[in-house]
1. Step through the residues of the range 119-133 one at a time and calculate ³J(HN,Hα) from phi using the Karplus curve (6.51 cos²θ - 1.76 cosθ + 1.60, θ = phi - 60°), rounding each to whole Hz and writing x for Gly and Pro.
2. For Cα pairs less than 8 Å apart in space and 6+ apart in sequence, what is the mean separation divided by the residue count of the range 162-218, i.e. the relative contact order in percent?
3. Please work out how much length the chain gains when fully extended from Trp206 to Arg72, using 0.36 nm per residue of separation minus the C-alpha to C-alpha distance, in nm with one decimal.
4. What longest region of the chain stays clear of trypsin sites (Lys or Arg not before Pro) that DSSP places outside H, G, I, E and B and that have at most 15 other Cβ atoms within 10 Å?
5. Go through the range 127-160 and name the chymotrypsin sites (Phe, Trp or Tyr not before Pro) that are in a DSSP coil and have 13 or fewer other Cβ atoms within 10 Å of their Cβ.
6. What do you get for the angle between helix 188-204 and the principal long axis of the chain? Use alpha-carbon atoms, 0 to 90 degrees, nearest ten.
7. Within 10 Å of each candidate Cβ there may be at most 13 other Cβ atoms; applying that plus a DSSP loop requirement, which chymotrypsin sites (Phe, Trp or Tyr not before Pro) in the range 30-116 survive?
8. Work out from phi, with θ = phi - 60° and the Karplus expression 6.51 cos²θ - 1.76 cosθ + 1.60, the ³J(HN,Hα) of each residue of the range 103-115, listed in order in whole Hz, and give x for Gly and Pro.
Amino acid sequence: MPHKKPTTLTPWTRQGWHAAGLIFLFLSLYFFSLNIGANTIWSLAALISAFLHQGLVVTVWRFELFGKYITRLLGTMGFYLYGTLFSLLLLARFGIAAGAALDSMGALPLPPVFWLVVTAIVLFFFIWLQYSVLRYFSIKRALGADHFFPEYRKMPFVRKGIFRYTPNGMYAFGTLAFMLPGLILRSDIGLAVGIFHYLAVWLHYWATELPDMEHIYGKTP
């Protein structure tokens, strides 16, 4: 069977759809907030943090793929600076979900035991995912080291831990953490902000990571 030709990639591949998708998710969250009488500042904060976080990733990854600009300017320190900014923005997104949840604790009507069971299930998969990343995948690779370091492009796709059952474990289960504040505090707007971030990260996968992987590896997991 002939080898699949790598995807033709440009710095802007799918980024118009990426931005449009984020705005659509924001409008959905915004009007939901209005409908339930929640503070709409959380909708705006969610949008800004998503744009900054996902914008950082696509800018850095595509700059590296099309010219190694980050490495040429900062050397290997560029990757660690990017990783630090990535982590801070990720924490900011989680903090926004937590702030929204604190703003409307107990607003979800179902019995507490229901939310405890759902939270326990989400925590189980999230912890399993974190273990699998640390044990088999590595944080460095999860941050996109294959965009910076050629040796990472030669590594096979991971098929151990949670990745044995799903190739997209980080997207399917890692970003469930955004929903935890809303679930734990039984907050309607907190859970909605968490769902916004969950869907926004999947949008990043389709618009940025998927075409990048096809370009780098000629295939996807």
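Bear in mind these aren't lab numbers, they're just calculated from the coordinates by the rules spelled out. Just so it is clear, the model here is predicted, and its values are computed rather than measured. We place every Cβ from the backbone using ideal geometry, glycine too, and count neighbours over all the protein chains shown.
1. Taking θ as phi minus 60°, the curve returns 4, 4, 5, 4, 4, 4, 5, 5, 5, 4, 5, 4, 4, 5, 5 Hz for the range 119-133.
2. 27
3. Between Trp206 and Arg72, full extension yields an extra 45.5 nm.
4. Here the longest run is 69-158.
5. Here the sparse-neighbourhood loop sites are Phe157.
6. So the helix axis and the longest Cα principal axis differ by about 10 degrees.
7. Sparse-neighbourhood loop chymotrypsin sites (Phe, Trp or Tyr not before Pro): Phe66.
8. Per residue, the Karplus-derived 3J(HN,Hα) values read 6, 8, 4, x, 6, 6, x, 5, x, x, 4, 4, 5 Hz.
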